[in-house]
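The values are calculated or read from the model by the stated rules, or taken from the named source; none is laboratory data. Predicted, not measured: the structure shown is a model, and the values here were computed from it. Every residue, glycine among them, receives a Cβ derived from its backbone with ideal geometry; neighbour counts consider all protein chains shown.
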Amino acid sequence: MIGTCLDLVPNIDPSGIQILLITYLPYTINIWLEAQGMPLFDISWRIILPDLFGTPRIVLNTTILLCAITLGLNSGAYQAEFFRGSMASISAGQTLAAQSIGMTKRQEIRYIGLPQSLRRAIPAWSNEAVYLPKYTTVAYFVGVAEFFSAIKLAVSRTYQALFLYALAAIVFLVVITIISWLLNYVYERVKIPGM
């Protein structure tokens, strides 16, 4: 969603410096840089809710929010490039045909460009959707308690490293398989015949 908006907004060049900086810096560096900016914000707020066992847990705080924003912007930068490439793949003949029947530029994008380019971008977006759950583990570096950090804590308490890391691998495998299956299903439903 962020990538599509970045690509469609006029006066923002998707191959410009902002996308270049976001995509060429590793996730770890992006999250660390975001964490260094946290003292500028009020970091005392948090949302606490009980977990399944009734123990109060922090659900959302500034660190978690900034990590989510960083991961979203990084993923959005890649998605903007995927979408830009799919928009560029639409032939100029279709643009000329839309103009010849009196469509405005906005109508051409809405009725011809977007439907085709969104369909063509789904395979690339599915790769990004598969990578994103794995990249959330880098949020551990700035103190966000995410899935992998919970596994690491459980290993330090129980000393059952092989079992727990294998369990983490299975959970990641199941989540990624479900994401891949859903996006393949969507792609098969909306793909352009003959492509």
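Between Tyr165, Tyr135, Tyr140, Tyr131, which is part of a helix (DSSP H, G or I), closer than 22 Å to Arg57 by Cα and among the aromatic types (Phe, Trp, Tyr)? Full working, then the answer.
Details: Tyr165 fails: closer than 22 Å to Arg57 by Cα; Tyr135 fails: closer than 22 Å to Arg57 by Cα; Tyr131 fails: closer than 22 Å to Arg57 by Cα.
Selected residue: Tyr140, the only one of Tyr165, Tyr135, Tyr140, Tyr131 that is part of a helix (DSSP H, G or I), closer than 22 Å to Arg57 by Cα and among the aromatic types (Phe, Trp, Tyr).
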Return the residue satisfying two criteria in turn: it lies in the stretch 67-96 and is in contact with an Asp or Glu (Cβ under 9 Å, 6 or more places away or on another chain) and among the small types (Gly, Ala, Ser), and of such residues it is nearest to Thr136 (Cα to Cα). Ser75
The listed residue being in a helix (DSSP H, G or I), without any contact (Cβ under 8 Å) to a residue 24 or more places away in the chain, surrounded by 13 or more Cβ atoms within 10 Å (Cβ to Cβ) and of a type in the set (Ser, Thr, Tyr), out of Ser149, Ser156: Ser149
So which residues in the stretch 140-160 are more than 24 Å from the chain's Cα centre (by Cα) and of a type in the set (A, V, I, L, M, F, W, C)? Leu153, Ala154, Val155
Any idea which of Tyr140, Tyr131, Tyr185 is touching an Asp or Glu at 6+ places or on another chain (Cβ under 9 Å) and either among the aromatic types (Phe, Trp, Tyr) or modelled with pLDDT of 80 or more (or both)? Tyr140
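Kindly evaluate Arg46 against the criterion of being surrounded by 10 or more Cβ atoms within 10 Å (Cβ to Cβ), under 18 Å from the mean Cα position of the chain (by Cα) and basic (Lys, Arg). Full working, then the answer.
Details: surrounded by 10 or more Cβ atoms within 10 Å (Cβ to Cβ): yes; under 18 Å from the mean Cα position of the chain (by Cα): no; basic (Lys, Arg): yes.
When the stated conditions are applied, Arg46 does not pass them.
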Given the conditions (1) buried (at least 17 other Cβ atoms within 10 Å of the Cβ); (2) under 27 Å from Glu188 (Cα atoms); (3) not hydroxyl-bearing (Ser, Thr, Tyr), and given that Pro123 satisfies all but one, which numbered condition is not satisfied? (1)
Going through (1) within 30 Å of Glu146 (Cα to Cα); (2) in a helix (DSSP H, G or I) one by one, Val59 fails only at (2)
Listed by first then second residue, the pairs whose first member lies in the stretch 131-144 and is without any contact (Cβ under 8 Å) to a residue 40 or more places away in the chain, whose partner is surrounded by fewer than 18 Cβ atoms within 10 Å (Cβ to Cβ) and of a type in the set (S, T, N, Q), with beta carbons under 9 Å and at least 6 positions apart or on separate chains, are Thr137/Ser149; Tyr140/Ser149
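With the structure loaded, tell me whether Thr177 is at pLDDT 85 or above, within 19 Å of the chain's Cα centre (by Cα), under 29 Å from Ile69 (Cα atoms) and assigned to a helix (DSSP H, G or I) or whether it fails that test.
On the way: at pLDDT 85 or above: yes; within 19 Å of the chain's Cα centre (by Cα): yes; under 29 Å from Ile69 (Cα atoms): yes; assigned to a helix (DSSP H, G or I): yes.
For Thr177, the condition - at pLDDT 85 or above, within 19 Å of the chain's Cα centre (by Cα), under 29 Å from Ile69 (Cα atoms) and assigned to a helix (DSSP H, G or I) - is met.
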Limited to the stretch 82-104, what total is found for residues that are among the hydrophobic types (A, V, I, L, M, F, W, C), more than 29 Å from the chain's Cα centre (by Cα) and surrounded by 16 or more Cβ atoms within 10 Å (Cβ to Cβ)? 2
For Tyr165, state whether it is surrounded by fewer than 17 Cβ atoms within 10 Å (Cβ to Cβ), over 21 Å from Ala68 (Cβ atoms) and aromatic (Phe, Trp, Tyr). yes
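Could you pull out the residue among Gln79, Gln116, Gln107 that is in a helix (DSSP H, G or I) and surrounded by fewer than 17 Cβ atoms within 10 Å (Cβ to Cβ)? Show your work before the answer.
Details: Gln79 fails: surrounded by fewer than 17 Cβ atoms within 10 Å (Cβ to Cβ); Gln116 fails: surrounded by fewer than 17 Cβ atoms within 10 Å (Cβ to Cβ).
Criteria check complete, one pass: Gln107.
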